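Below is one structure, written out as structure tokens; the observations come after it.
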Amino acid sequence: MALPTEREELLVAWRALAGQIADEGWRTIPVAFGGPCRLRAGRHFPGNEEALLIGFASGNVPPTDQLPQGRGFLVSRADIEAEGPSCWWIALRRQSAGSLDLFAMMAVDIVATLADLSSGNDGRTVQMFLSRIRAWQDFMRRGTDGVLSPEVEVGLFGELEFLRQLFAVGLPAAISIEAWRGPLDELQDFRLGTGAIEVKSTLSPRGFPAAIGSLDQLDDSLVQPLYLVGVRLALGAQGVTLPELISAMRDSLTDNPPALAGFNTRLLHAGYFDEFAERYVRRFACAGSRMLPVCDGFPRITRGSVAIAIREARYVIDFDLIPDGDVGLLDSLNKLGVA
């Protein structure tokens, strides 16, 4: 007989608790998936909502008003007697309007994230749990069917290709992943050392249209040094799919669980979820890349170069029409102060 999956075990536990008539409060039963935390499936009455409860040995748990909330779920401190008074509990609870399927998917993902962490550091485990919850907030806020658009897929592949290059030149994985800010909707895709790097990707075989999202994105008066990287991709059978690239990068991080957990959280912020991996069938190969310094003479529109009445602008530059001036990754990392 096949062993039940985490999802099946949670659904069975929630069904077992559903018929219990209870006053206001919690009804819970333990579930065991491994990892550093104690876990219980539960329901909160009188609403009868499903919940995953995570127990921590230390008291480094933020108060409820500092915990993240999202569409379809609530996060709160939970006072339950299970495991004794020395255990501090956080409850991830479905709201009545939230989808049970999506909530179960999120709960299993949280369990898997925590299971990948080693024991012994409750503070870091709490922060990783909260970080993952915030990533789910971003994922749910997108309001899509869970699959990236073709344009966003290309952009994510290009950012991952550049992240892979950072790994390849020996920049520590933890630093590289922390620097990756594109999924967090920051101004540039990477913040490294004293400066920043913006990554643009294209499938166009001729020309390299790069969409610039604001007057500030290529403004080196705001951050220095600033670089623009162009990653040209090509479709073909010799390439790899987005899930295959992600799998290979995860394999390279298996001996570094905190970095792997951070990588997975960034992917969720970016809108990528493994549940839909089979939907990404295009195969990409990197056909080349250039890294250019953004400084005086670089073609861009900035706040300081337009009339004060112009508050915002988006524009497209052709990366191929910028004279060759590839400075190379290692030289750029030296100037950023991280190599």
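When residue 103 is tested against the conditions (1) buried (at least 20 other Cβ atoms within 10 Å of the Cβ); (2) on the phi > 0 side of the Ramachandran plot, the lone failure is (2). Close contacts from the range 41-60, counting a first residue that is in the same structural domain as residue 101 (by TED's automatic domain parsing) and among the aliphatic types (A, V, I, L, M) and a second that is modelled with pLDDT under 85 and not in a strand (DSSP E or B), with Cβ to Cβ under 8 Å and a gap of 6+ residues or different chains, come to 53/80; 54/37; 54/114; 54/129; 57/86; 57/87; 57/122.
The residue pairs whose first member lies in the range 221-233 and is among the hydroxyl-bearing types (Ser, Thr, Tyr), whose second member is in a strand (DSSP E or B), and whose beta carbons are closer than 6 Å, counting only pairs six or more residues apart or on different chains, are 227/197; 227/291; 227/293.
Restrict the check to the range 184-203 and report whether at least one residue is on the phi > 0 side of the Ramachandran plot and either over 23 Å from the mean Cα position of the chain (by Cα) or among the aromatic types (Phe, Trp, Tyr) (or both).
For the range 184-203, residues on the phi > 0 side of the Ramachandran plot and either over 23 Å from the mean Cα position of the chain (by Cα) or among the aromatic types (Phe, Trp, Tyr) (or both): absent.
Among the residues making up the range 155-209, those that are part of a loop (DSSP other than H, G, I, E, B), at pLDDT 95 or above and closer than 18 Å to residue 135 by Cβ are 181, 189.
Considering the range 38-58, and only residues there that are in contact with a helix residue (DSSP H, G or I) (Cβ under 9 Å, 6 or more places away or on another chain) and not in a strand (DSSP E or B), the residue that is modelled with the highest pLDDT turns out to be 48. For the range 138-181, residues that are free of Cβ contacts under 8 Å to residues at least 12 places away in the same chain and within 14 Å of the chain's Cα centre (by Cα) total 1. Of all residues assigned to the range 246-259, at least one qualifies as being among the hydroxyl-bearing types (Ser, Thr, Tyr) and either within 24 Å of residue 222 (Cβ to Cβ) or modelled with pLDDT of 95 or more (or both).
Scanning the range 177-211 for residues that are of a type in the set (Val, Ile, Thr) and surrounded by fewer than 19 Cβ atoms within 10 Å (Cβ to Cβ) returns a single hit, 194. Would a scan of the range 286-304 turn up a residue that is loosely packed, with under 15 Cβ neighbours inside 10 Å and either touching a residue at least 60 places away in the same chain (Cβ under 8 Å) or not assigned by TED's automatic domain parsing to the domain that holds residue 212 (or both)? Yes, the conditions are met somewhere in the range 286-304.
The values are calculated or read from the model by the stated rules, or taken from the named source; none is laboratory data. What you are looking at is a predicted structure, and each value in this text was computed from that prediction instead of being measured. Cβ sites come from the backbone with ideal geometry, for glycine too, and all protein chains shown count toward neighbours.
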